[in-house]
Structures are given as C-alpha cells and as structure tokens.
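In what follows, a single structure is set out as structure tokens and then discussed.
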Amino acid sequence: RVEDCRGEMVVPGGAAVKLDLTVTSLSTFVGGRYTKNSRNISQSPWTVNGVPVCESIEEIIGGPLKNVFKADSANMHAAGREDIDVRMLGSGRPFYIQLINARVFPDQTSLDRVLDEINRSHDRVKCQGLRPITRDETEIVKAGQEQKHKEYRCIIRTDAAVTEEAVEKLNNVRDLVLDQDTPLRVLHRRSPLLRKRRVVSVNARMLTVEEVAMVTKDVETFSHRLLVAEVVSESGTYIKEFVHGDWGRTTPSVGTILGTPCDILSLDVVGLKMDWPPASASGPV
C-alpha cells in the first residue's frame, strides 16, 4: 500500500527514481451448487497429450466467472467429485470457484446474470445459488469432502437370475463394514491402501418388465437379472467396487451377498446434504 511507503524512502540529492509496481488482488471466491445430467463431462479439465478429452464443470462454470471478474484464472474446488460417467443429481454438489487476481468485483445482480448465462448455455450442467463467499467459508466445502453419508442410485446386472429372497437379503444390509483395497481402476494414480468403509443401507428391487425393455431388447434373458438399488454409504466408499467386488479387492460386495457375480451399468449421486452456499455469504474477504 502507498500509505505504508510514505516516509520510508530517502532519495540522495533529490535524484529521480523510477519505480515499477505490480499490483495483484487477493483470491476472490464464489460459491454455489451444480448438477450434471451427463455421463461424459468431467469435474476438472481432462487432457491427453494436451488435447481436451471432454468438457469439464470447471470450464463450464468457471469460464464465465473468470470473464466477468476479469481474473487471471478460475479454479474449482468441490465437496468431493463424481467420476466422469456418474451423474450428479438431486440438489447438486457444493463447490466454490477461486478467482486469481480478479480486477472487477461484480455485485449479486451481475452474478445472477452470469448464473442465467451458464444455465442457458448448457442443457446438461445446471448451476444454482451463485454468491460471493469469504475465505473462511470455503472451509465448509473442504469439510464436506468428508461428509458422513452420501446417497447413490445404481443399476446392477447379475450373471444369474436372482430371487426376491436374495434381493431381500441385500435389503437387510445395515451398517455393513467393507474392506476396500485401492481399486484397480485408480491404482495407477493412488497408493495401495486397505480402507474400512461402511454401507449404511441398501434399498433394492428388480426392474419391471417395462423398465428392463428400456435397458435391453432381450427382456426374457434379463427380466430377473437387472436391479435398481439405492445405497447410503459413508463418505469415501467406492460404490462401483461395492457392487462388483473388484476381483476380490472389496469384501463383502453385492455379488457375494447375492451369490452371483455382478456388474454396475450406471451410477448416480442423488443425495449430498450440506447447508451451502451459506446464507450469511456476504462477499469476498
């Protein structure tokens, strides 16, 4: 600040002095929630050899915010993340955008216009509740990554036909403790580690004939081999691996409970409860 420099500079003989100043602003934060009705959009940018693989939530939401704030960059931070092929439904996932070196600080009316622009420009990603937040309030989202329970819905295919009794056995799951080794699909980027995770409950049923017909033309073969299950689990549980067992790296699994190998056809996040963005959000600090 100029006030801090006054009285501190002594110029010998009154010689001329040239000063080069670089002025930057502290990070600015905007919070909100997003839903993703797509199985081909990543949360953060994904490139291979410098070529984008797909769209990302960060670019869809962060791009317009970067423009209106005239910031150098916009980085997304969220309460966890879903895989690219997993939809984020329900009330959406809490997030905040960190804007680096913003030069303009829009009011709430301007943010509402940006929100409308984002939602009109994309039919598979929707944003809600954009508002400025403080640095301290970003800790709520960071804590939300370890939220106690999350709710999922998945379509399961079994190798053999299952009975109503077997499905009822699955529905009796309560506070089931899993041993989960690092999944094979992420082992290339995560250290091997055995984790204890808990499945709170499962509510499953066989698909009706009409629902099976929406998944496959071979209704007769799959009429007793397709299930829809709602799973409530502890944060950090690998749901895909809970279904198929990951070659024995997750035990027990849906497959071991039903007594037949299983695979997961689709997965949605349907519940992620958090009071966000905070009602007290008043602006960047």
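The values are calculated or read from the model by the stated rules, or taken from the named source; none is laboratory data. Keep in mind that this is a model prediction, so the values were computed, not measured. Heads up, the Cβs are rebuilt from the backbone with ideal geometry, glycines too, and the neighbour counts pull from every protein chain shown. These accessible areas exclude ligands, DNA and RNA; they are computed on the full protein's heavy atoms, side chains included. Shrake-Rupley method; radii C 1.70, N 1.55, O 1.52, S 1.80 Å.
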**OP:** Go through the residues of region 47-64 one by one and say whether even a single one is surrounded by 19 or more Cβ atoms within 10 Å (Cβ to Cβ), touching a helix residue (DSSP H, G or I) at 6+ places or on another chain (Cβ under 8 Å) and assigned to a strand (DSSP E or B).
**Re:** no
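Taking region 138-152 as the search range and keeping residues that are surrounded by 20 or more Cβ atoms within 10 Å (Cβ to Cβ) and modelled with pLDDT under 95, which one is farthest from Asn75 (Cα to Cα)?
Of region 138-152, the ones surrounded by 20 or more Cβ atoms within 10 Å (Cβ to Cβ) are 141, 144, 150, 152.
Then keep just the ones that are modelled with pLDDT under 95; that gives 141, 144, 150.
Working: Val141: 14, Gly144: 18, Lys150: 24 Å.
Of everything passing the filter in region 138-152, Lys150 is farthest from Asn75 (Cα to Cα).
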**OP:** Any chance you could count how many residues in region 208-248 are of a type in the set (A, V, I, L, M, F, W, C), modelled with pLDDT under 95 and open to solvent by less than 30 Å² (accessible area, probe 1.4 Å)?
**Re:** 1
Subject >> Residue list for region 177-190, restricted to those being assigned to a loop (DSSP other than H, G, I, E, B) and farther than 11 Å from Gly248 by Cα >> reply: Thr182, Leu187, His188, Arg189, Arg190
**OP:** Assess whether Asn119 counts as being within 28 Å of Arg33 (Cα to Cα), surrounded by 12 or more Cβ atoms within 10 Å (Cβ to Cβ) and without any contact (Cβ under 8 Å) to a residue 40 or more places away in the chain.
**Re:** yes
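Filter region 153-165 for residues that are crowded, with 21+ Cβ neighbours inside 10 Å and modelled with pLDDT of 95 or more; which is farthest from Val231 (Cα to Cα)?
Within region 153-165, the subset crowded, with 21+ Cβ neighbours inside 10 Å is 154, 156, 158, 162.
Among the residues that remain, those that are also modelled with pLDDT of 95 or more are: 154, 156, 158.
Details: Cys154: 8, Ile156: 12, Thr158: 17 Å.
The residue in question is Thr158.
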**OP:** State yes or no: is Gln98 within 19 Å of Ile239 (Cα to Cα) and either touching a strand residue (DSSP E or B) at 6+ places or on another chain (Cβ under 7 Å) or open to solvent by less than 40 Å² (accessible area, probe 1.4 Å) (or both)?
**Re:** no
**OP:** Might you check whether a residue that is part of a loop (DSSP other than H, G, I, E, B), of a type outside the set (A, V, I, L, M), touching a strand residue (DSSP E or B) at 6+ places or on another chain (Cβ under 9 Å) and modelled with pLDDT under 75 occurs anywhere in region 14-24?
**Re:** yes
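A quick yes/no check of all residues on (1) of a type in the set (S, T, N, Q); (2) over 23 Å from Gly271 (Cα atoms); (3) assigned to a loop (DSSP other than H, G, I, E, B):
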| position | (1), (2), (3) |
| --- | --- |
| Gly80 | no, no, yes |
| Gly90 | no, no, no |
| Ala102 | no, yes, yes |
| Phe105 | no, yes, yes |
| Asp112 | no, yes, no |
| Leu115 | no, no, no |
| Asp123 | no, no, yes |
| Leu130 | no, no, no |
Subject >> Neighbours by Cβ (under 7 Å, 6+ apart or cross-chain): first from region 184-200, within 17 Å of Ile239 (Cα to Cα); second in a helix (DSSP H, G or I) and open to solvent by less than 80 Å² (accessible area, probe 1.4 Å) >> reply: Val199/Phe242
